[in-house]
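The values are calculated or read from the model by the stated rules, or taken from the named source; none is laboratory data. The structure presented is a predicted model; accordingly, all values stated were derived computationally and were not measured. Neighbour counts are summed over all protein chains in view; Cβ atoms, including those assigned to glycine, are modelled from backbone coordinates with ideal geometry. When the accessible area is computed, the model is the full protein with side chains, heavy atoms only, and any ligands, DNA or RNA have been set aside. Shrake-Rupley method; radii C 1.70, N 1.55, O 1.52, S 1.80 Å.
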Amino acid sequence: MSASVRTVAPAGVEIAYRHTRSGASPGADPVLFIHGMGGDGRTWDAAARAVRASGRDVLTVDLRGHGRSARASSYRFDDIAQDVIGVCDHLGLRRVDIVGHSLGALTATLVAQRRPGLARRLVLEEMPMPLRADDPAPEVPAHRPTPAELWHALGAMVRSPRGVVAFDRGLTEPAMTQFRAPNPRWWAALPALRGVPVLFLRGTRPGSMVDPALLAEMARVLPGMDVRGVPCGHSIHRDRKARFEAVVMRFLGAPEGPPVAPPVEPPGGATVGRPVRQD
């Protein structure tokens with residue numbers, strides 16, 4: 001079942017979204033998907049189908065400056081998060097599970113911090129970690145995509161060229177400035193998420209944008225957070241689709257309580273990315 005693209009302007013910027021109702025599980029919380037920088041909501045088509053097949057409604061958004069959404073004079077991360085909250089308010093959604101990739105994952109945490117109770121569960125895929133007050137600016141090592149990554153990226157672009165064509169390049173500089181600046185307010189608000197089950201997926205190969213030390217600090221603040229490593233780079237849902245869907249679907253379908261997710265195994269059979277636990 002597909003849904004037509006609709007728009008709403010909760011903060012004066014027109015935001016495009018798709019809200020697909022499965023009708024199979026009345027009363028079940030919808031799953032909200034938030035894409036990363038340079039993409040759009042179509043990047044989640046495969047994962048959204050899996051969620052709909054489980055009986056859950058699906059909401060995908062195009063962030064401001066992406067896809068069918070309007071460009072904006074401000075690309076502050078807080079404004080982007082408020083757009084997403086505004087779409088949920090427009091639809092009357094009181095609680096959702098949120099799945100976010102990269103910038104979308106950071107947006108998901110901001111949504112959960114700004115609107116307590118809205119996020120039932122969080123799936124954070126390859127979230128660039130906000131810096132603390134005294135952290136140096138991050139340096140992401142250069143990474144030449146593998147042939148498999150190039151193939152997956154080409155396929156994604158062919159299926160949804162709008163994500164590449166419509167992206168506002170003017171967003172890049174303000175976004176990178178924010179990623180490189182300390183964000184002590186985000187860290188101060190992080191303990192508010194202790195009651196929200198969190199699954200953090202990170203790539204274990206070159207191309208990952210997750211700082212391991214900052215991730216370990218986040219896991220210390222959120223001792224119930226489940227961290228899983230997947231043998232790929234920055235785009236797990238695209239390059240390891242089957243593994244992504246398996247671990248995420250189990251997490252989203254788990255009963256209330258501490259998050260549960262199966263280990264993800266590389267081809268050699270050794271488990272990687274065991275949950276990070278620090279007291």
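Data overview
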{"quantity": "Test: residue in region 36-47 that is open to solvent by 30 Å² or more (accessible area, probe 1.4 Å), of a type in the set (S, T, Y) and under 21 Å from E125 (Cβ atoms)", "calculated": "yes"}
{"quantity": "Odd one out for N183 among (1) closer than 20 Å to I80 by Cβ; (2) in contact with a Lys or Arg (Cβ under 7 Å, 6 or more places away or on another chain)", "calculated": "(2)"}
{"quantity": "Cross-chain or 6+ apart pairs with Cβ under 9 Å, region 226-252 first and under 15 Å from I34 (Cβ atoms), then open to solvent by 40 Å² or more (accessible area, probe 1.4 Å) and not in a helix (DSSP H, G or I)", "calculated": "I236/R202; L252/S54"}
{"quantity": "Residue selected from region 1-20 under the condition within 21 Å of G253 (Cβ to Cβ) and under 21 Å from the mean Cα position of the chain (by Cα), by the criterion least open to solvent (accessible area, probe 1.4 Å)", "calculated": "T20"}
{"quantity": "Conditions (1) open to solvent by 30 Å² or more (accessible area, probe 1.4 Å); (2) touching a residue at least 12 places away in the same chain (Cβ under 8 Å); (3) hydroxyl-bearing (S, T, Y); number of the one not met by T177", "calculated": "(2)"}
{"quantity": "Of all residues making up region 180-212, the number that are in contact (Cβ under 8 Å) with a residue 40 or more places away in the chain, open to solvent by 70 Å² or more (accessible area, probe 1.4 Å) and more than 21 Å from D135 (Cα to Cα)", "calculated": "2"}
{"quantity": "The one condition in (1) farther than 24 Å from R42 by Cα; (2) among the basic types (K, R); (3) in a helix (DSSP H, G or I) that R205 fails to fulfil", "calculated": "(3)"}
{"quantity": "Residue, surrounded by the fewest Cβ atoms within 10 Å (Cβ to Cβ), within region 100-140, restricted to residues that are of a type in the set (A, V, I, L, M) and modelled with pLDDT under 95", "calculated": "A133"}
{"quantity": "Unmet criterion (only one of (1) within 30 Å of T172 (Cα to Cα); (2) in contact (Cβ under 8 Å) with a residue 60 or more places away in the chain) for V51", "calculated": "(1)"}
{"quantity": "Verdict on R95 being under 23 Å from R250 (Cα atoms), of a type in the set (K, R), open to solvent by less than 40 Å² (accessible area, probe 1.4 Å) and at pLDDT 95 or above", "calculated": "no"}
{"quantity": "Single residue of region 213-226 satisfying the filter (outside any helix (DSSP H, G or I) and open to solvent by 10 Å² or more (accessible area, probe 1.4 Å)) that is farthest from P255 (Cα to Cα)", "calculated": "P223"}
{"quantity": "Residue satisfying all of: in region 6-23; in contact with a Lys or Arg (Cβ under 8 Å, 6 or more places away or on another chain) and modelled with pLDDT under 95; nearest to A72 (Cα to Cα) among these", "calculated": "T20"}
{"quantity": "Meets criteria (in a loop (DSSP other than H, G, I, E, B), open to solvent by less than 20 Å² (accessible area, probe 1.4 Å), in contact with a strand residue (DSSP E or B) (Cβ under 6 Å, 6 or more places away or on another chain) and not basic (K, R)) for G65", "calculated": "no"}
{"quantity": "Test: residue in region 163-177 that is among the aromatic types (F, W, Y), under 25 Å from R42 (Cα atoms) and modelled with pLDDT of 95 or more", "calculated": "no"}
